[in-house]
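First up is the structure itself, then whatever we jot down about it.
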């Protein structure tokens, strides 16, 4: 019962981690205490950056085929639409996935499990991690199987993708500071009709309720996510859909024809003190949880998984030093803290009570946003932020240099020329070098000698518009972030970068 990496938790974060590691030749076991994948879900949005990373796994098209592209977002207040954000002309020059994709988490997990099965790995269900210890250069994990029997598993590393009540986090003795929102959320899958059931996303900023309507792929079916302010029920009785205030539903003029399923939950805002301790790591909800505003939670967990996967693969294969794994926390924890702070502020705006809060939410915010989105630069900023295309690791331990507008740590800018884009080679999931223009002969020789893929793109105006510099060299990590941006295009700069970070086994 040995493996390279033991993954606790088979939600999207754990499944993506298993997929990347398996693709990179690392042996994994992925376990989950539940008997089957979730049949209901809260996470819906798949952001553009996630789809870009999914393209490396060759599953972006499957998500797009099964999901629903949202053409616009609408803000309502006082029973009337107040702002309309059109997605059809936003982000088209930033990413091949310039849209918001709605793909419910339960269906999302099924797709990831399907892809993992194609690679010969299956989730071990009704198998629970009860504890682990680190000893002798490995993890000794204690598991409980479906029949209650105990078993031992030896792994080089353990990844805690086991949610807010993470056993891995508890064993790491990592704090999980933060708090819990007073409001109770509800989520419901319903069939309905009305002007807000039109394939677009609608958000009501009512004085009494908050409600978001997410379109699903099936006609007339939508997902409602709202806040329950006053549940007219006994404290010990489970909340039912009939208990939910219908004020916001009425404001959006939605007629509920059928409730397919309904659940309620409380939301926390927390970030673990540490994402790594020795051979144990925290990812996804085990590391950070926050309000659902902005549709960032699941996407951030998937980002955690891909950030860690290639680093674990390099260290397990003895091609990089253990210190490389420290960069996981260094790069992801700061983003998680900023995200929790941002979503907390946004949720406070949409859910606070009082005359001033109501005025800001129902009148000032919609009026300002309706004017702001008229400007292309503002729409681009909003899209880059929400889609996570703006996420970068500038100043991180693996980031260096600047060429054009691109810094080390930035996501590689996307550009399309004559129907082909510069992201195609990223499916290699390897370190590589991009040059836009002419590569120096000595750079080509150095890359060939070190078996480092070199991609050369004839210089075009589109690359300059994207922020790339002519004849510069961009050293890319397997996760498509720029490690080194060098305007000189000299191989000795890459060699110096490699040596200073102990990456001689990789580059």
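Details
- Mean separation of Cα contacts under 8 Å, 6 or more apart, over the residue count of the chain: relative contact order %: 16 percent
- Here residue 377 and residue 154 are evaluated by their C-beta separation; at R0 = 51 Å the FRET efficiency comes out at 0.40.
- Rounded tilt (10° steps) of 12-23 against the dominant C-alpha axis of the chain: 20 degrees
- Prolate/oblate/rounded label for the range 88-136 (Cα gyration tensor, a/c 1.5): prolate
- Sorting 194-203, 7-16, 456-465 by their mean Cβ neighbour count within 10 Å, with the most densely packed peptide first, gives 7-16, 194-203, 456-465.
- Degrees between helix 376-386 axis and first principal axis of the chain (Cα, 0 to 90, nearest 10): 80 degrees
- Put simply, when 414-422, 146-154 are sorted by average Cβ atoms within 10 angstrom per residue, most first, you get 414-422, 146-154.
- Measuring between their Cα centroids, the range 13-56 and the range 124-167 lie 18 Å from each other.
- Gyration tensor (alpha-carbon) shape descriptor, the chain, a/c threshold 1.5: oblate
- For the range 246-293, the relative contact order works out to 33 percent when only alpha carbon pairs closer than 8 Å and six or more residues apart are counted.
- When each of the peptides 313-320, 273-280 is scored by the mean number of other C-beta atoms lying within 10 Å of its residues, the order from highest to lowest reads 273-280, 313-320.
- Relative contact order, percent, the range 400-500 [alpha-carbon distance under 8 Å, six or more residues apart]: 38 percent
- Treating each Cα of the range 234-289 as an identical point scatterer and summing with the Debye formula, the log10 of I(q)/I(0) at q = 0.15, 0.22, 0.25 Å⁻¹ comes to -0.70, -0.92, -1.04.
- Anisotropy class of the range 400-500 from Cα gyration tensor, a/c 1.5 cut: rounded
- Computed over the range 160-293, Kirkwood Rh from alpha-carbon pairs, angstrom: 16.7 Å
- Alpha-carbon Debye profile of the range 137-214, log10 I(q)/I(0) at 0.24 Å⁻¹: -1.26
- Rounded tilt (10° steps) of 297-316 against the dominant C-alpha axis of the chain: 20 degrees
Since every read-out is calculated from the coordinates, none of them should be taken as a lab result. Computed from a predicted structure; not experimentally measured. Because the Cβ atoms are built from the backbone with ideal geometry, glycine has one as well, and the counts that use them run over all protein chains shown.
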